[in-house]
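Worksheet: one structure, shown below.
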C-alpha cells in the first residue's frame, strides 16, 4: 500500500537532520550534509534511469521494483499502460469484427473522408461498382460515379431519399444509395444496395398495368355501348331497368379506373420534367368551380380566392388533372351543407394552390399513405362514392414532374387541406398584372 508523499519528504528531512548531527559530532557538518544529499541525488538518478528504461521497453520488461514516490509513479504508469493495452486490444478486436461483418454484408459499404474521398470499401462494393483496392483509395467517389443525381445527392450531404441509379456498364444493374453522415461531416458512410430485381419487377408491373388497361378499354367500350342501348330501349322489361342502370354505373366506374390507370402509366413512363407552357391557373380553377356548381350534388359553398394572377409554367393537361382530382375529392367527401375552397397565391417560395374542405377529415395515421395507388382510408365508403383510389397517386406523380410537393393537413371530423407548392422557376408574372384580388363565392 502506497504512503502519502509527505511521509517520504518527512523521512528525507529526518535523514538530513541526522547527517547534520553526525557532522557536528565529527566537526564536519558540511561534508556530512553534502555526502547525504549526493547519495539522495545518486539514488534518484538511478531510479530515473530505471524508470525511463522501463518506459521505453515496457512491452518486454517487467516494471522495476522501486520504493517510495518512484514506486508510486511506476504503479500509476503501469496501470495506465495496462489500461491502454486493454482498450487498444478491444478496439482492434472490434475493428476486426466490424471489417469481417461489413465484408459479409449483402450491401456495399464505402467509407468516405471529409472531401468525399474513398478511405475504405468492402468486397461487395468493389464487386458491384468496379472499385480497385489501393488504386481508388483517395479518389473522390463522385469522380467514379458521375450520374448527376448521385453527384447532387452526395454534394448535399445525403439529404432526402437516396437515388436509384441505373448502371448499364456494370452488368445492367440498378443501385440504391444511402449516405450516413455526422453533423461535422468529417466521415461519411455510403451504403449501396442492389435493387435490380425490385426495379425490374416494378417495370414489369408498370408494363402489365399499362397493357392490361389498354386491352380492357376496347371491350369495356363495347359493353358500355350495349348497356346504353339497352337502357334506352322502350321495350325493355321494367324488371330489367334497374339492373341495367346498375350495370351502367359499374361499367362507368370501371371506365374511370381504366382511364386513371392509363393516366398514371403515362406519367410514370414519361419521366423527366414537365414542359414549361404558361397556364392560367386562375382561369382553370374558375372553370372547375362552374363545373362543380352545375352538378346537382355540389356543396352549399364553393369559394375561390385568387390572390395572384401569375401564370404557372407546366403541362396544362397534367395541371388540370392535379386540380381536378383534388377538387373532386374535396366535393366527394364534403356533406351538402359543407364548404369547399380553393386558394391560389404566390410568394418568394413559388406558387401555391390549396384545396380545403369541411368534410369528414382523415385520421393522422392514414395521411403518409394517401398517395399510394388504391389506398383507401375507408374502403366501403370509397367504393360507395365511386372512388378508384388512384386520384392522389396521379397527383403525386404529376407534381413530381413539375418539381412540386404535396402538403396534406387534416383533422378528423373537421376537414382537410391539400396544398400544392410549385418552385419559383415555375412562376411567370404577367406583363400587365391585375391589381385587384379576385374572390368567387
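The values are calculated or read from the model by the stated rules, or taken from the named source; none is laboratory data. Just so it is clear, the structure is predicted and the values come from calculations on it, not from any experiment. Note: ideal-geometry Cβ built from the backbone for every residue, glycine included; neighbour counts use all protein chains shown.
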Taking the conditions exactly as written (surrounded by fewer than 14 Cβ atoms within 10 Å (Cβ to Cβ), under 38 Å from the mean Cα position of the chain (by Cα) and under 24 Å from residue 351 (Cα atoms)), does residue 203 satisfy them or not? no
Would you confirm whether or not region 90-109 contains a residue that is loosely packed, with under 12 Cβ neighbours inside 10 Å, modelled with pLDDT of 80 or more and assigned to a helix (DSSP H, G or I)? yes
Sole miss for residue 187 among (1) outside the structural domain of residue 147 (by TED's automatic domain parsing); (2) within 42 Å of the chain's Cα centre (by Cα) is condition (1)
Candidates 246, 242, filtered to the one that is free of Cβ contacts under 8 Å to residues at least 24 places away in the same chain and farther than 23 Å from residue 374 by Cβ: 242
Checked region 173-195 for anything in contact (Cβ under 8 Å) with a residue 24 or more places away in the chain and under 17 Å from residue 129 (Cα atoms); matches are 173, 174, 175, 177, 179, 189, 190, 191, 192, 193, 194, 195
Selected residue [in the same structural domain as residue 206 (by TED's automatic domain parsing), under 47 Å from the mean Cα position of the chain (by Cα), under 22 Å from residue 312 (Cβ atoms) and assigned to a helix (DSSP H, G or I)] from 246, 263: 263
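Please go through region 375-392 and give me each residue that is farther than 16 Å from residue 317 by Cα and either assigned to a helix (DSSP H, G or I) or at pLDDT 75 or above (or both), ordered by number. Talk me through it step by step, then tell me what you get.
In the first step, residues of region 375-392 are kept if they are farther than 16 Å from residue 317 by Cα; the result is 375-390.
Those that are farther than 16 Å from residue 317 by Cα and either assigned to a helix (DSSP H, G or I) or at pLDDT 75 or above (or both): 379, 380, 381, 382, 383, 384, 385, 390.
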Would you confirm, using the coordinates I've provided, whether residue 308 is over 30 Å from residue 212 (Cα atoms), under 38 Å from the mean Cα position of the chain (by Cα) and assigned to a loop (DSSP other than H, G, I, E, B)? yes
Identify, from the list 262, 326, the residue that is in contact (Cβ under 8 Å) with a residue 24 or more places away in the chain and buried (at least 20 other Cβ atoms within 10 Å of the Cβ). 326
Identify the single condition in (1) under 14 Å from residue 267 (Cβ atoms); (2) touching a helix residue (DSSP H, G or I) at 6+ places or on another chain (Cβ under 6 Å); (3) modelled with pLDDT of 90 or more that residue 344 does not satisfy, given that it satisfies every other one. (1)
If we scan region 307-317, do we find a residue that is within 27 Å of residue 413 (Cα to Cα), crowded, with 16+ Cβ neighbours inside 10 Å and not assigned by TED's automatic domain parsing to the domain that holds residue 207? no
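Each row is one residue, and each column tells you yes or no for (1) in a strand (DSSP E or B); (2) out of contact with any helix residue (DSSP H, G or I) (no Cβ under 8 Å at 6 or more places or on another chain); (3) modelled with pLDDT of 75 or more; (4) not assigned by TED's automatic domain parsing to the domain that holds residue 263.
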position	(1), (2), (3), (4)
119	yes, yes, yes, yes
125	no, yes, yes, yes
138	no, yes, yes, yes
142	no, no, yes, yes
153	no, yes, yes, yes
180	yes, yes, yes, yes
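Could you tell me whether any residue of region 350-362 is exposed (fewer than 14 other Cβ atoms within 10 Å of the Cβ), modelled with pLDDT of 85 or more and not in a strand (DSSP E or B)? Show your work before the answer.
Narrowing region 350-362 to residues exposed (fewer than 14 other Cβ atoms within 10 Å of the Cβ): none.
Checked region 350-362: no residue is exposed (fewer than 14 other Cβ atoms within 10 Å of the Cβ), modelled with pLDDT of 85 or more and not in a strand (DSSP E or B).
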Of the residues in region 276-305, those that are part of a strand (DSSP E or B) and under 37 Å from the mean Cα position of the chain (by Cα) come to 277, 278, 279, 303, 304, 305
Counted residues, region 392-425 - those being out of contact with any strand residue (DSSP E or B) (no Cβ under 8 Å at 6 or more places or on another chain), farther than 21 Å from residue 339 by Cβ and without any contact (Cβ under 8 Å) to a residue 60 or more places away in the chain: 1
Quick check on residue 213: is it surrounded by 13 or more Cβ atoms within 10 Å (Cβ to Cβ), out of contact with any strand residue (DSSP E or B) (no Cβ under 8 Å at 6 or more places or on another chain) and either in contact (Cβ under 8 Å) with a residue 12 or more places away in the chain or on the phi < 0 side of the Ramachandran plot (or both)? yes
If a residue must be touching a helix residue (DSSP H, G or I) at 6+ places or on another chain (Cβ under 7 Å) and not in a helix (DSSP H, G or I), how many such residues does region 25-65 contain? 4
